[in-house]
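The values are calculated or read from the model by the stated rules, or taken from the named source; none is laboratory data. Since the structure is predicted, the reported quantities are computational estimates derived from the model, not experimental observations. When we count neighbours, we look across all protein chains shown, and the Cβ atoms used for this are built from the backbone with ideal geometry, even at glycine.
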Amino acid sequence: MTSAPTTITSVAAAANHLASRRSPLRWVLLAVGLLAALSLPWLVYPPLAMDIAAWALFAIALDLLLGFTGLLSFGHAAFWGGSAYVTGLVAINVGVPFPVAILVGALFAMLLAVPIGFLSVRSSGIYFAMVTLAFAQMLYFFANQWRDVTGGENGLQGIPRNFFGIELIETDPFYFYYAGLPIVLLGMWAAWRIIHSPFGKVLVAIRDNPARASALGYDVQRYKVMAFVMSAGLAGTAGGLFSISHGFASLQELNWTTSGKVVLITVLGGIGTLWGGTIGAALVVMLEDWLATSGFEGIGIITGTVFVIVVLAFRRGIWGTVRDLKARFRSRT
Amino acid sequence: MRHKTTTAAAAALSGALLLAACGQAGPTAQTGEDELTDGKVVLGVLNDQSGVYKDLSGPNSVEAVKMAVEDYKAEYGDDAVATEIEVITADHQNKPEVANTKAQEMYDRNKADAIFDVPASSAALAVATQAKENKKLYFNIGAATTELTGAQCNKYTFHYAYDTYMLANGTGKTVTEQGGTNWSIIYPDYAFGQDMTKSFTTAIEGSGGAVVEAIPTPFPNDNFATFLTKAAASNPDVIGSMQAGGDLINFVKQYNEAGLRDQGIELAVGLMFITDINSLGVDQFAGTTFTEAWYWNYDDENREWADRFMEITGTRPSFAHAANYSAAKQYLDAVQRAGTDDADAIVSELQGYKVNDVFLRNGEFRAEDNRVVHDAYLAKVKDEASVSEDWDYEEILATIDASEAFRPVEDSIAAGCNLGS
């Protein structure tokens with residue numbers, strides 16, 4: 001009689017201890033993250049802050065596929081850039097407030113991802129990467145040729161930042177950041193929600209062992225396509241915001257280098273860490289910006305070297321390495 | 001009594017003198033301080049300093065702008081309105097979003113009064129929007145798109161050195177008039193190539209020639225053999241290549257290997273920089289005709305400037321370098337004339353202004369579309385044997401008068417340019 005309650009209390013205490021050991025830290029991290037996001041335009045030049053936020057969401061979208069489904073897409077520029085153009089066209093021709101235009105752009109990206117995803121998830125590994133690259137290149141040439149609509153190499157210029165006629169947000173990048181940030185946070189929350197849902201667990205199961213997931217009765221291909229479409233939607237949200245922020249969409253957005261850059265950001269931040277993308281984006285965008293005025297001519301050499309160092313020395317990316325160190329420290333104490 | 005009057009007179013006199021002194025000294029002392037926004041003039045050079053346009057403009061254009069600053073200081077000395085001039089620079093890496101952010105930062109944070117150069121048309125147009133929004137000056141030199149003086153033109157953006165119309169018109173018209181009536185045009189299938197082909201066709205047909213074939217190629221592209229064979233099959237007098245940069249170099253190599261020149265088919269090139277000739281070697285390009293915006297060895301004035309440029313950079317200037325120098329000098333001169341660096345005052349000072357300098361011959365800042373027109377030149381690449389010194393690659397065949405070299409005002413307005421709005 002006496003032993004049972006003790007066991008229960010001790011279990012409860014242990015559980016409590018466990019929860020208290022994990023959850024406060026998580027809240028602290030969330031608070032720090034939010035604080036960083038809110039103070040970013042004070043720390044860096046506001047248009048750059050918006051770039052960092054957009055690229056961070058883009059990297060998180062890619063990580064959903066790369067880290068949690070095990071698919072390396074090398075054609076995500078199609079969704080980022082496709083949405084950038086559609087968002088721009090909607091903003092120019094319809095004149096709706098920019099979040100609506102971005103929503104249309106993101107929906108377009110998801111729609112685009114259905115056939116592309118359906119055709120490419122049949123292959124895996126390097127073949128998957130090549131097939132997605134091929135589709136993205138198709139879209140690139142399409143945008144290059146369809147000059148009357150896209151402006152060809154001149155780009156789609158003069159995209160307005162309509163926001164219910166609030167002039168501060170429409171003209172000042174500092175205030176625009178705070179109008180755009182909720183969209184990014186919403187996208188990040190969606191990504192977090194997806195991977196912590198039962199659906200997300202299935203994705204991880206597919207990543208780790210597709211044969212077993214299939215044996216358990218999951219339609220692996222369908223899950224992959226769904227993950228692909230969700231990832232494209234988030235990438236499209238980021239791309240749309242990026243084009244609104246800059247006031248134009250150019251072929252650069254659809255170029256394969258954009259697909260490469262987001263993979264680089266994700267790898268730098270840490271594959272399968274979700275939040276690593278924010279660190280990677282901040283690092284790459286700031287580095288690019290700094291190099292632009294550094295007077296150093298070999299910009300590619302610097303970014304390449306950083307990439308090589310991270311891949312060799314911090315195989316799990318920055319976020320992943322920190323997390324591992326923390327786990328090791330904790331297991332020692 | 002008398003003593004009192006004298007004192008009063010003296011006081012009045014000295015008071016008047018003091019007032020006069022104030023009246024005179026006041027504004028002169030203040031022009032340097034109050035008439036300049038932020039107390040100084042900041043010139044921003046935004047271009048490609050690490051990629052494909054590095055040689056033809058790049059870091060040496062920054063040097064050219066610095067030369068203009070030196071010359072301005074030497075010319076006006078203590079009378080200079082711009083007492084403090086700063087030159088800042090950034091590498092846009094040919095990425096329009098980097099150009100956009102950097103331009104914004106230059107205008108907004110670094111208090112740049114004018115931005116120069118900006119090659120790559122998507123970047124050039126993005127910066128034009130920034131100039132419009134920030135109400136600051138922008139002299140585009142590096143980009144070829146006529147959109148800058150068409151649908152995307154604005155009050156603060158001047159298009160300085162060249163554009164697709166000027167290149168096509170010069171070469172197309174002059175070569176046709178000199179007897180090259182049948183043309184085959186090979187062009188890269190994107191905006192620049194398509195625009196050039198359209199402008200060339202108009203110019204050639206306007207001069208009584210004909211374009212027998214226009215062949216699109218992928219871009220970028222290495223192998224032009226099939227396109228050259230196809231172009232040669234229709235037996236034209238001239239093959240017009242609209243390729244640029246690395247593609248042009250490959251194209252010219254293959255034109256030579258195919259032996260088309262020996263068959264009497266001439267080569268005309270849409271856009272070429274002297275740095276292209278230098279990198280491939282003059283023998284590869286020998287005999288090619290093209291339109292040049294400026295040539296360093298054209299006359300003594302150009303040569304003298306080119307010598308100075310060479311002392312600083314160790315190389316001969318391309319037309320883009322000279323244009324950057326000229327644009328910066330013209331801007332500073334306008335500041336001097338206006339007595340302020342207020343952007344609106346400078347724009348009204350420049351619009352309609354006619355001038356001659358080392359780059360601008362018969363130059364005019366057209367008020368209707370902000371196109372800066374000047375004499376252009378039809379050039380031919382020399383044979384290796386007649387090259388007398390390094391960089392002496394070009395022979396100027398004809399001067400195209402400023403009034404004919406560029407797109408007429410009506411066409412700019414028809415293309416959608418409205419500076420009034």
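Conditions first: (1) without any contact (Cβ under 8 Å) to a residue 40 or more places away in the chain; (2) more than 9 Å from chain B (Cβ to nearest Cβ); (3) over 30 Å from A:A106 (Cβ atoms). A:L287 passes all but one, so which condition is the exception?
Only one criterion is unmet by A:L287, namely (3).
Please verify whether the stretch A:180-192 includes one or more residues that are under 26 Å from B:S122 (Cβ atoms), within 14 Å of another protein chain (Cβ to nearest Cβ) and crowded, with 16+ Cβ neighbours inside 10 Å. Walk me through it before giving the result.
Quick first cut of the stretch A:180-192, residues under 26 Å from B:S122 (Cβ atoms) only: A:180, A:183-184.
From what's left, within 14 Å of another protein chain (Cβ to nearest Cβ): none.
For the stretch A:180-192, residues under 26 Å from B:S122 (Cβ atoms), within 14 Å of another protein chain (Cβ to nearest Cβ) and crowded, with 16+ Cβ neighbours inside 10 Å: absent.
Being within 14 Å of another protein chain (Cβ to nearest Cβ) and surrounded by 15 or more Cβ atoms within 10 Å (Cβ to Cβ) is true for just one of A:I302, A:I279, A:I271. Which residue is that? Lay out the reasoning, then the answer.
Values: A:I279 fails: within 14 Å of another protein chain (Cβ to nearest Cβ); A:I271 fails: within 14 Å of another protein chain (Cβ to nearest Cβ).
Answer to the selection: A:I302.
Do you know which residues across the stretch B:363-396 are free of Cβ contacts under 8 Å to residues at least 60 places away in the same chain, farther than 27 Å from B:Q330 by Cα and part of a strand (DSSP E or B)?
Listed by number, the list holds a single entry, B:E395.
Can you name the number of the only condition in (1) free of Cβ contacts under 8 Å to residues at least 12 places away in the same chain; (2) surrounded by fewer than 16 Cβ atoms within 10 Å (Cβ to Cβ); (3) hydrophobic (A, V, I, L, M, F, W, C) that B:A345 fails?
Evaluating B:A345 over (1) free of Cβ contacts under 8 Å to residues at least 12 places away in the same chain; (2) surrounded by fewer than 16 Cβ atoms within 10 Å (Cβ to Cβ); (3) hydrophobic (A, V, I, L, M, F, W, C) leaves (2) as the failure.
For every residue, the table says whether it meets (1) part of a helix (DSSP H, G or I); (2) outside the structural domain of B:A323 (by TED's automatic domain parsing).
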site: B:N110; (1), (2): no, no
site: B:Q152; (1), (2): no, no
site: B:N169; (1), (2): yes, yes
site: B:G193; (1), (2): yes, yes
site: B:S199; (1), (2): yes, yes
site: B:A214; (1), (2): no, yes
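Could you tell me how many of the residues in the stretch B:107-133 are over 29 Å from B:T197 (Cβ atoms) and within 10 Å of chain A (Cβ to nearest Cβ)?
Here is the first cut: in the stretch B:107-133, the residues over 29 Å from B:T197 (Cβ atoms) are B:107-116, B:130-133.
Subsequent filtering for residues that are within 10 Å of chain A (Cβ to nearest Cβ) retains B:108-110, B:130, B:132-133.
Summing the residues that are over 29 Å from B:T197 (Cβ atoms) and within 10 Å of chain A (Cβ to nearest Cβ) in the stretch B:107-133 gives 6.
Report whether or not B:P220 is surrounded by 24 or more Cβ atoms within 10 Å (Cβ to Cβ) and on the phi < 0 side of the Ramachandran plot.
Details: surrounded by 24 or more Cβ atoms within 10 Å (Cβ to Cβ): no; on the phi < 0 side of the Ramachandran plot: yes.
Here the answer is no, as B:P220 does not meet what is asked.
Counting only residues that are assigned to a helix (DSSP H, G or I) and among the hydroxyl-bearing types (S, T, Y), which one in the stretch B:402-421 is nearest to B:K155 (Cα to Cα)?
Taking the stretch B:402-421 as the starting set, the residues that turn out to be assigned to a helix (DSSP H, G or I) are B:402-405, B:409-414.
Of the ones still in play, those that are also among the hydroxyl-bearing types (S, T, Y) are B:403, B:412.
Details: B:S403: 21, B:S412: 14 Å.
The residue in question is B:S412.
Could you tell me how many of the residues in the stretch A:104-154 are of a type outside the set (S, T, N, Q), more than 14 Å from chain B (Cβ to nearest Cβ) and assigned to a helix (DSSP H, G or I)? Don't jump to the end; show me each part of the working.
Restricting attention to the stretch A:104-154, the residues satisfying the condition of being of a type outside the set (S, T, N, Q) are A:104-119, A:121-122, A:125-131, A:133-136, A:138-143, A:146-149, A:151-153.
From what's left, more than 14 Å from chain B (Cβ to nearest Cβ): A:104-119, A:121-122, A:125-131, A:133-136, A:139.
Filter once more, so that each one left must be assigned to a helix (DSSP H, G or I): A:104-119, A:125-131, A:133-136, A:139.
Qualifying residue count for the region: 28.
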